[in-house]
1. Need pairs with beta-carbon distance below 9 Å; first residue more than 22 Å from residue 163 (Cβ to Cβ) and within the stretch 190-213, second surrounded by 14 or more Cβ atoms within 10 Å (Cβ to Cβ); sequence gap 6+ or separate chains.
2. Every residue in the stretch 9-51 that is within 14 Å of the chain's Cα centre (by Cα), surrounded by fewer than 20 Cβ atoms within 10 Å (Cβ to Cβ) and away from the ligand (no atom under 13 Å from the Cβ), please.
3. Does the stretch 196-210 include one or more residues that are assigned to a helix (DSSP H, G or I) and within 19 Å of residue 150 (Cα to Cα)?
4. Does residue 130 satisfy the condition of being in contact with a helix residue (DSSP H, G or I) (Cβ under 6 Å, 6 or more places away or on another chain), assigned to a helix (DSSP H, G or I) and under 30 Å from residue 86 (Cβ atoms)?
5. In the stretch 55-100, which residue that is assigned to a helix (DSSP H, G or I) and under 18 Å from the mean Cα position of the chain (by Cα) is farthest from residue 117 (Cα to Cα)?
6. Could you run through the stretch 98-109 and say how many residues are under 16 Å from residue 127 (Cβ atoms) and near the ligand (Cβ under 10 Å from one of its atoms)?
7. Confirm whether residue 168 is at pLDDT 95 or above and surrounded by 21 or more Cβ atoms within 10 Å (Cβ to Cβ).
8. Any idea which residue in the stretch 85-97 is surrounded by the most Cβ atoms within 10 Å (Cβ to Cβ), counting only those that are within 11 Å of the ligand (Cβ to nearest atom) and closer than 21 Å to residue 4 by Cα?
Ligand SMILES: C[S@@+](CC[C@H](N)C(=O)[O-])C[C@H]1O[C@@H](n2cnc3c(N)ncnc32)[C@H](O)[C@@H]1O
């Protein structure tokens, strides 16, 4: 099955013996792709929305995968027992929804891998999941239809990160490619413009933006 560059990049973090729970599966495109790639993989596709689940079931049927993908309706991890999954995939949602889903510690205690593509607040996301007792094993930036997405894989463990690593991503910093430069130079430009617009009495925000601009300038090659 053809799928988006973003979803395909997420599947590259998955191995065929992972026991997947895909939370917020929507049309189950990721799950169909996975099942076609790895016929023996265990996949639970789940969504809170009735409409999404109907669509998921329709797409699964169209690909003759009924009975092969376990589709469930409900909120986050509440739909499954912990022994049914060891790999959590959450993509295309905002940080606060992701945070809420992962906040039930009992539900993530047996998990060997959490793969996240958040649409917002990547820095807060890194901080939050590290606090839950995970470290960042792999990261990737992917451009799809002019948007650059960050995919992060967390595994249980402890690793110390400094401010810059949390901001840029420790694994992304180890391999600064063209996309890294594009992504963070756009941020640099954004913060420089924001700084110009901030009123002089907004000292805290000005200092914050200045700090971000400083570290961005240290890590990004600005195209002249
Ligand atoms: C924008 S779609 C992303 C779909 C797909 N994961 C992707 O990356 O393309 C977000 C989906 O998450 C679902 N969702 C939001 N909150 C949820 C929750 N607490 N539990 C399960 N699904 C949720 C929504 O119903 C929606 O179908």
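The values are calculated or read from the model by the stated rules, or taken from the named source; none is laboratory data. For clarity, every value in this text was computed on a predicted model and none was experimentally measured. Cβ sites come from the backbone with ideal geometry, for glycine too, and all protein chains shown count toward neighbours.
1. The qualifying pairs are 199/206; 200/206.
2. The answer is 12, and nothing else.
3. Of the residues in the stretch 196-210, the ones assigned to a helix (DSSP H, G or I) are 196-197, 203-210.
Add one more test, that the residue is within 19 Å of residue 150 (Cα to Cα), and what stays is none.
No, the conditions are met nowhere in the stretch 196-210.
4. no
5. Filtering the stretch 55-100 down to residues assigned to a helix (DSSP H, G or I) leaves 55-62, 76-79, 82-84, 95-100.
Now narrow it down to the ones that are under 18 Å from the mean Cα position of the chain (by Cα): 76-77, 95-100.
Details: 76: 15, 77: 17, 95: 9, 96: 13, 97: 12, 98: 10, 99: 12, 100: 15 Å.
Ranking the qualifying residues of the stretch 55-100, first place goes to 77.
6. Taking the stretch 98-109 as the starting set, the residues that turn out to be under 16 Å from residue 127 (Cβ atoms) are 98-100, 102-103.
Add one more test, that the residue is near the ligand (Cβ under 10 Å from one of its atoms), and what stays is 98, 100.
Total meeting the criteria: 2.
7. So residue 168 fits the description; yes.
8. 89
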